[in-house]
Amino acid sequence: MKNYLKFLVIVLFISCENNKIDTPSTVEVDQKTIGKHIERLASDEFLGRKPFTEGEVKTVNYLKDEFEKLGLLPGNGDSFFQDVPMVEITGTPSENMVISGKNGSFNLEYLKDFVATTNKAVTDVSLENSELVFAGYGIVAPEYGWNDYEGIDWKGKTAVVLINDPGFKSGDSTLFKGNEMTYYGRWTYKYEEAARQGAAGLIIIHDTEPASYGWNVIESGWSGARLIIESDLPLLNVESWISGESAKKMIDATAMKGQDYKTLSRNKSFKPIPLDLKVSVKIKNKIKKDVSKNVVALIPGTDRKDEYIIYSAHWDHFGVGKAIEGDSIYNGAVDNASGTAGLLAIAEAYKKSNDTKRSIAFMAVTGEEQGLLGSAFYAENPIFTPNKTVANINIDALDSPGKMKDLTITGYGQSEMDEYAKEAAEKQNRYIIPDPEAEKGYFFRSDHFNFAKIGIPALYASGAYEGLDKSIEEIKKYNDNYRMYKYHQPSDEYNSETTELSGVQLDLQLFFDVGLKLSNEEYFPKWYDSSEFKAARK
């Protein structure tokens with residue numbers, strides 16, 4: 001509770017006159033439309049909407065048909081689909097990761113002490129006596145004057161790095177972004193950067209607080225079958241995590257024993273430290289290739305039709321899996337039938353409104369739950385020219401017990417999309433706030449992130465903090481209950497009699513209002529100077 005109260009000092013508060021939420025638009029996003037599509041998409045008929053299953057076929061065809069009924073055009077030439085080639089890799093690592101040095105060797109046990117995967121679609125990968133080098137946070141960030149890889153030829157070597165970035169718990173708000181995670185703190189970035197540096201492998205040291213999840217998440221999320229997109233980008237042989245206890249055992253076997261390596265790594269002058277240790281591990285893979293689909297629909301603009309606003313939401317979930325209390329269908333009503341239904345409801349609102357000067361694209365993407373794969377493929381193979389794409393508005397997991405006073409912006413402070421959201425919120429007599437848990441890096445955990453990576457300013461927001469008729473404490477309890485008992489579980493289901501959609505409708509109305517304003521002006525929202533994505537726009 002203290003954290004929630006502390007963060008109120010940075011709230012950008014707009015008075016809620018008479019405690020009333022208004023909907024000022026002449027065209028309303030229809031709440032009945034929202035409910036109709038959530039109920040259908042989250043029904044057992046769609047089998048949990050997993051890629052490469054009958055559930056995918058039913059889902060993408062349903063979306064195509066519904067966009068067509070509304071009068072939207074195919075968004076990818078003459079097709080409503082963008083094929084997304086994927087590879088399913090089922091990797092089986094060796095039982096032990098062997099760490100060896102001049103004073104002997106020791107083994108780390110698979111799952112208990114380490115996990116290891118690869119994005120290389122080959123049957124066998126390995127690290128064979130690869131030299132271990134401690135590389136701090138594994139970051140190269142020119143705008144911060146930071147390079148943790150400098151001065152080493154990384155070919156054949158394996159980097160060992162910390163999770164998150166130097167600002168976290170440093171007590172220095174000017175170090176990176178203080179406690180707010182930058183992209184440099186995400187595990188995805190760390191693997192990408194190590195590959196760019198030419199390393200053979202990367203080991204991330206797990207730590208629950210800066211990672212924002214426990215070792216159990218690593219154990220389940222980095223084992224079994226994984227979907228990837230084949231890419232021409234450089235790849236590591238082995239991507240790995242080790243537990244904090246295993247990291248201590250490793251460090252204690254080196255000259256770094258007893259040193260505070262977190263403090264050491266927060267220094268801009270840090271240089272990589274060879275550990276005088278070597279690592280060996282093997283992975284045998286089963287490879288299966290298939291094609292999933294993004295669904296893309298378009299409303300052409302009038303006189304600026306080559307400029308686009310993209311609304312996105314992921315259609316996929318986890319399909320049929322482990323039964324919990326007798327239910328094995330992971331329906332994903334909130335995550336993300338709500339967002340997918342939102343695309344259709346907003347598209348319907350645009351068709352009821354006047355023509356827009358700019359074109360409006362609606363993109364239901366695949367593979368978000370497997371690592372933002374559909375949006376990542378789009379980012380590498382864009383249908384609409386990125387520097388002609390004005391903005392992305394991403395809709396993911398809308399849920400509230402009623403209308404909300406706030407609009408919580410995940411990634412607040414990144415771009416001028418904050419100002420568009422603020423203006424739209426004011427018209428609804430709502431206030432905007434930054435994500436109170438920015439240190440968890442939620443900005444990098446949904447599809448808008450891949451649009452941001454290619455320079456497209458993105459808005460990712462929802463009412464999540466204070467209800468119109470429910471207190472901050474009640475909303476927190478409601479959100480915690482969802483995360484504990486429904487998130488990524490079969491119990492994330494839709495009940496038309498008990499599910500409250502007024503708050504979802506209000507958020508979707510705001511997204512419509514923001515897009516409508518953008519679609520009828522000439523201005524392109526800019527990234528703020530402090531954003532790590534500003535350079536990509538250039």
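Quick look at the numbers
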read-out: Residue within the stretch 47-56 that is more than 29 Å from Phe384 (Cα to Cα) and more than 27 Å from the chain's Cα centre (by Cα) present; value: no
read-out: Residue in the stretch 318-331 that is open to solvent by less than 10 Å² (accessible area, probe 1.4 Å), without any contact (Cβ under 8 Å) to a residue 60 or more places away in the chain and either over 30 Å from Thr118 (Cβ atoms) or not charged (D, E, K, R) (or both) present; value: no
read-out: Subset of the stretch 285-298 (residues that are surrounded by fewer than 20 Cβ atoms within 10 Å (Cβ to Cβ), of a type in the set (D, E, K, R) and closer than 23 Å to Arg49 by Cα); value: Lys288, Lys289, Asp290
read-out: Residue match in the stretch 129-142 (condition: farther than 27 Å from Lys248 by Cβ, touching a strand residue (DSSP E or B) at 6+ places or on another chain (Cβ under 7 Å), open to solvent by 50 Å² or more (accessible area, probe 1.4 Å) and not basic (Lys, Arg)); value: no
read-out: Residue match in the stretch 302-311 (condition: in a helix (DSSP H, G or I) and aliphatic (A, V, I, L, M)); value: no
read-out: Per-region count, the stretch 375-401, residues open to solvent by less than 40 Å² (accessible area, probe 1.4 Å) and either in contact with an Asp or Glu (Cβ under 6 Å, 6 or more places away or on another chain) or free of Cβ contacts under 8 Å to residues at least 12 places away in the same chain (or both); value: 6
read-out: All positions within the stretch 159-188 that are among the aromatic types (Phe, Trp, Tyr) and either touching a residue at least 60 places away in the same chain (Cβ under 8 Å) or farther than 26 Å from Asp447 by Cα (or both); value: Phe168, Tyr183, Tyr184
read-out: Failed item, numbered, when Lys282 is tested on (1) outside any loop (DSSP other than H, G, I, E, B); (2) buried (at least 21 other Cβ atoms within 10 Å of the Cβ); value: (2)
read-out: Residue match in the stretch 351-374 (condition: farther than 23 Å from Phe449 by Cα, under 22 Å from the mean Cα position of the chain (by Cα) and either modelled with pLDDT of 95 or more or crowded, with 24+ Cβ neighbours inside 10 Å (or both)); value: no
read-out: Residue in the stretch 347-359 that is among the basic types (Lys, Arg), assigned to a helix (DSSP H, G or I) and either touching a residue at least 60 places away in the same chain (Cβ under 8 Å) or touching a helix residue (DSSP H, G or I) at 6+ places or on another chain (Cβ under 7 Å) (or both) present; value: yes
read-out: Helices (runs of 4 or more DSSP H) wholly inside the stretch 430-538 containing at least 1 residues that are at pLDDT 95 or above and farther than 30 Å from Gly145 by Cβ; value: 472-485, 502-519
read-out: Residue that is β-branched (Val, Ile, Thr), surrounded by 21 or more Cβ atoms within 10 Å (Cβ to Cβ) and farther than 15 Å from Glu109 by Cα, where the choices are Ile251, Ile228, Ile204, Ile242; value: Ile204
read-out: Qualifying position, being under 23 Å from Lys357 (Cα atoms) and open to solvent by 60 Å² or more (accessible area, probe 1.4 Å), among Lys470, Lys422; value: Lys422
read-out: Members of the stretch 381-429 found to be small (Gly, Ala, Ser), touching a Pro at 6+ places or on another chain (Cβ under 8 Å) and at pLDDT 95 or above, listed by number; value: Ala391, Ser415
read-out: First in the stretch 50-66 and surrounded by fewer than 20 Cβ atoms within 10 Å (Cβ to Cβ), second anywhere and part of a helix (DSSP H, G or I), Cβ under 6 Å, 6 or more apart; value: Lys58/Phe46
read-out: Complete set of residues in the stretch 67-78 that are closer than 14 Å to Ala364 by Cβ and either free of Cβ contacts under 8 Å to residues at least 24 places away in the same chain or assigned to a helix (DSSP H, G or I) (or both); value: Phe67, Glu68, Leu70
read-out: Answer residue from the stretch 313-338, given it is among the acidic types (Asp, Glu) and assigned to a loop (DSSP other than H, G, I, E, B) and is modelled with the highest pLDDT among those; value: Asp316
read-out: First in the stretch 202-215 and touching a residue at least 12 places away in the same chain (Cβ under 8 Å), second anywhere and surrounded by fewer than 20 Cβ atoms within 10 Å (Cβ to Cβ) and of a type in the set (S, T, N, Q), Cβ under 9 Å, 6 or more apart; value: Trp215/Thr208
read-out: Some residue of the stretch 417-429 being outside any helix (DSSP H, G or I) and not polar (S, T, N, Q); value: no
read-out: Filter result for Glu307 (open to solvent by 20 Å² or more (accessible area, probe 1.4 Å) and among the acidic types (Asp, Glu)); value: no
read-out: Residues satisfying the stated conditions in the stretch 149-174, i.e. surrounded by fewer than 16 Cβ atoms within 10 Å (Cβ to Cβ) and more than 28 Å from Trp222 (Cα to Cα); value: Glu150, Gly151, Asp153, Gly171, Asp172, Ser173, Thr174
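The values are calculated or read from the model by the stated rules, or taken from the named source; none is laboratory data. These numbers come from a predicted model, not from an experiment. Using ideal geometry, Cβ is built from the backbone for each residue, glycine included, and neighbour counts are taken over all protein chains shown. What goes into the accessible areas is simple: the full protein's heavy atoms, side chains included, and nothing from ligands, DNA or RNA. Shrake-Rupley method; radii C 1.70, N 1.55, O 1.52, S 1.80 Å.
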